Amino acid sequence: MEYLPQLDMNYNKRSGAVFTHVNDEDKFFPIWLKHYSQYYDSKDIYVINHNSTGDFLEVLKEGARKEEFTMITVYNDQWFNGVWQCYNFSLLQWFLLQSYNTVLASDVDEIVTVDPKSRYKDLREYYEKFVGNAVATQGYHIVSDPLNDPPIDISRPILEQRNKMVYDAFLHKPLLSRVRCQYNFGQHNTNNVNYDIDKSLIMLHLHYIDVEWTIEKDNKRSRERWSEFDIANGFSIQNLPCDREEKIKMFQEVYSKSEEMPYYYMGLI
């Protein structure tokens, strides 16, 4: 069998692409798309559609038809399967690197941006100037008090409605890269690429911004169609369907660790 020769990389590629994975994410996806559309052209935004249904599926189809992003439909009858998902992320990242200098792989509730006090004007400037192999974000959960905070008003800036955050080293994720990454569960690290954390590049995790959003999302799924391997190993267990009291307790535990958000973060989302 003859193998292809080494690919000549000395050709003009586009500067950057971003992609995510969605499954009936009618609350988080509009925030994700609005944010990244500020820094990426629509032709450079890719959405992996997995098992989306109903009105949200129609939103995806309409967005793809209007060329707001490119939709890639994938198939797996399980609601959540971490092994399968990290393979999808790794393979699409590698594929896109054939056309782009950098690729940003982001979950739909992850907002990657630059710290306002860094030397970078915005995310576009960051990825256009990035010259390393991969870089990890400094990560924070944006959190809410589930019993006292009002619901998020999607028509208003999100961070004007929440003023607490939790630093989490587990969110130091190598999401931006210029080389092929073999991602592990949740894209928290890679098996094959060394990378540094850059405090200029931050990631704001929105999973805990509104308990009603999370309960509504979880109720669309069933535990029976969840990967047993993921459940047994505790992967992404914050997404598991559970009763209301358990979900509120989870939010309260995260909120109890919170600190004040810097005032200069308020306009980031």
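List of remarks:
- Taken residue by residue, segment 57-75 has at least one member that is open to solvent by 30 Å² or more (accessible area, probe 1.4 Å), in contact with a helix residue (DSSP H, G or I) (Cβ under 8 Å, 6 or more places away or on another chain) and among the polar types (S, T, N, Q).
- Considered as a group, the residues in segment 49-78 that are assigned to a loop (DSSP other than H, G, I, E, B) and closer than 15 Å to Glu25 by Cα include one that is farthest from the chain's Cα centre (by Cα), and that residue is Thr53.
- Qualifying position, being at pLDDT below 90, open to solvent by less than 80 Å² (accessible area, probe 1.4 Å) and of a type in the set (Phe, Trp, Tyr), among Phe229, Phe185: Phe185
- Residues (touching a strand residue (DSSP E or B) at 6+ places or on another chain (Cβ under 7 Å) and open to solvent by 30 Å² or more (accessible area, probe 1.4 Å)) located in segment 141-169: Asn163, Lys164, Tyr167, Asp168
- Screening Ser90 against (1) under 27 Å from Phe185 (Cβ atoms); (2) buried (at least 19 other Cβ atoms within 10 Å of the Cβ); (3) modelled with pLDDT of 95 or more leaves a single unmet condition, (3).
- Residue match in segment 91-114 (condition: polar (S, T, N, Q) and assigned to a helix (DSSP H, G or I)): yes
- Boolean, Leu201 is open to solvent by less than 70 Å² (accessible area, probe 1.4 Å), at pLDDT 95 or above and within 12 Å of Ala136 (Cβ to Cβ): yes
- Of residues in segment 234-245 being within 13 Å of Glu212 (Cα to Cα) and exposed (fewer than 13 other Cβ atoms within 10 Å of the Cβ), the one modelled with the highest pLDDT: Glu245
The values are calculated or read from the model by the stated rules, or taken from the named source; none is laboratory data. Predicted model only: the values in this text are computed from it and were never measured. Counting neighbours? That spans all protein chains shown, and the Cβs are built from the backbone with ideal geometry, glycine included. SASA here: full protein model, heavy atoms, side chains in, ligands and nucleic acids out. Shrake-Rupley method; radii C 1.70, N 1.55, O 1.52, S 1.80 Å.
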